[in-house]
1. Quick one: count up the residues across segment 20-44 that are surrounded by fewer than 17 Cβ atoms within 10 Å (Cβ to Cβ) and either out of contact with any strand residue (DSSP E or B) (no Cβ under 7 Å at 6 or more places or on another chain) or part of a strand (DSSP E or B) (or both).
2. Can we say residue 47 is in a strand (DSSP E or B) and within 30 Å of residue 129 (Cα to Cα)?
3. Residue 79 - would you say it is in contact with a Pro (Cβ under 9 Å, 6 or more places away or on another chain) and more than 27 Å from residue 30 (Cα to Cα)?
4. If you go through segment 39-48 one residue at a time, do you hit one that is in contact (Cβ under 8 Å) with a residue 40 or more places away in the chain, more than 18 Å from residue 95 (Cα to Cα) and in the same structural domain as residue 88 (by TED's automatic domain parsing)?
Amino acid sequence: MKVKDIMTAPVVSVTEGMSLPDVAAVLRDNRISGAPVVDGSGAVVGLISEFDLLARTGRTAEEVMTRSVISVSEDTGIDEVRHLLVQRRIQRLPVLAGPVLVGIVSRSDVIALLVTEWVCEVCGESMRGQHPPRSCPKCQAGSDRFALQDPDPGS
């Protein structure tokens, strides 16, 4: 499974010159804890989070954002994303296609994979993922033959 299968798109982002009250409003209104900061051409130049707003002083996103950004491509594997999120102790990774921001993948996107299970109605094979697989690896049934498995009560 690849990042493109679980990323969130379109991405809520803020601009470098956006005031901190406006950044806070974007985060609150979208119920997110952080967002990429983009320049005039749409390139990612940083990330800004609730932590940045609380811990740093400044007037604009550019003044308080985290400048060192780790990003991934749409074809990055989920295992690599999981490794980056854990080892670097970060919450989210911008997804780039060249210099263009095309999505974002967060811890919650990866966690969702742990509880989403699809079952092939033909052979009973189960697979985890946000979307049903294109075909069953066991019997080659199409994606239309997969049903979303309800989680066990209390799980």
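1. 11
2. Numbers: in a strand (DSSP E or B): yes; within 30 Å of residue 129 (Cα to Cα): yes.
So residue 47 passes the test.
3. Numbers: in contact with a Pro (Cβ under 9 Å, 6 or more places away or on another chain): no; more than 27 Å from residue 30 (Cα to Cα): yes.
Against the criterion (in contact with a Pro (Cβ under 9 Å, 6 or more places away or on another chain) and more than 27 Å from residue 30 (Cα to Cα)), residue 79 does not qualify.
4. no
The values are calculated or read from the model by the stated rules, or taken from the named source; none is laboratory data. Note that the structure is a prediction, hence the values are computed from the model and not measured. In this analysis, Cβ positions are derived from the backbone assuming ideal geometry, glycine residues included, and neighbour counts consider all displayed protein chains.
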